[in-house]
Amino acid sequence: TFLHNSDLIKHQRIHTGEIPYQCNQCDVTFTQNSNLIKHQRVHTGEKAYGCNECDIVFTWKGSLIIHKRTHTCEKPYQCKQCDMTFLQNSDIIRHQRTHTGNKTI
């Protein structure tokens, strides 16, 4: 069940394949208008997310979240084999290759 009818409609698009929102500057389409709005920043260059610790601004909220960890020294990703910690998930994945020798992880 869904609390809001709009959530049900978004969910139903998974099953129907409906993708009603298209960027007017390229051929990319989205199931939700909010994702289209975020995408359009690629074309406008808008940087809506500013760090309150320094003057850096970001296009994506996720980039700001990762950046803020440089100020707090938070490293939420910990290697289970050697206890090293990392800012981003992609960093720990790259690091884990040193233990496995696998270059395609």
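No value in this document is a laboratory result; all are computed from the given coordinates. As the structure is a prediction and not an experimental result, all values here were calculated from the model. Don't worry about glycine lacking a Cβ; one is built from the backbone with ideal geometry, like all the others, and counts go over all protein chains shown.
Against the empirical 2.2 N^0.38 Å (N residues), the chain has a Cα radius of gyration ratio of 1.48. In the chain, the sites counted are trypsin sites (Lys or Arg not before Pro) in DSSP loop states with at most 12 other Cβ atoms within 10 Å, and the longest stretch holding none of them, exclusive of the sites, is 1-79. Roughly speaking, what % of Cα-Cα pairs in the stretch 49-100 are separated by over 15 Å, rounded to a whole number? More than 15 Å apart: 51 percent of the Cα pairs in the stretch 49-100. Where the centre of each part is set by its Cα atoms, how far does the stretch 67-105 sit from the stretch 1-15, in angstrom? With the stretch 67-105 and the stretch 1-15 each reduced to a Cα centre, they are spaced 36 Å.
To the nearest ten degrees, helix 33-44 and the longest principal axis of the Cα atoms of the chain are 70 degrees apart. Per-residue ellipticity at 222 nm, computed for the chain from helices alone with -39500 (n - 2.57) per DSSP H run of at least four residues, works out to -14000 deg cm²/dmol. For K80 and H4, the difference between the fully extended length at 0.36 nm per residue and the C-alpha to C-alpha distance is 23.3 nm. Which of the listed residues, I9, N24, Q78, is farthest toward the dipole's positive end in the chain, when Lys, Arg count +1 and Asp, Glu count -1 at the beta-carbon? It is Q78, whose Cα lies furthest towards the positive end.
Between rounded, prolate and oblate, where does the stretch 6-54 land on the alpha carbon gyration tensor, with a ≥ b ≥ c its root eigenvalues, rounded for a/c under 1.5, else prolate if a/b exceeds b/c?
It is oblate, given that a/c is not under 1.5 and a/b is not larger than b/c.
State the answer as a single residue: which of I66, T100, C51 lies farthest towards the positive end of the charge dipole of the stretch 21-105, with beta carbon charges of +1 for Lys and Arg and -1 for Asp and Glu, about the Cα centre. Selected residue: T100. Note on the chain: with charges restricted to the Cβ of Lys and Arg (+1) and Asp and Glu (-1), its dipole about the Cα centre is near 280 debye. Candidate cross-link partners of K10 among the aspartates and glutamates, defined by an alpha-carbon separation under 16 Å and a same-chain spacing of 8 or more, comprise E18.
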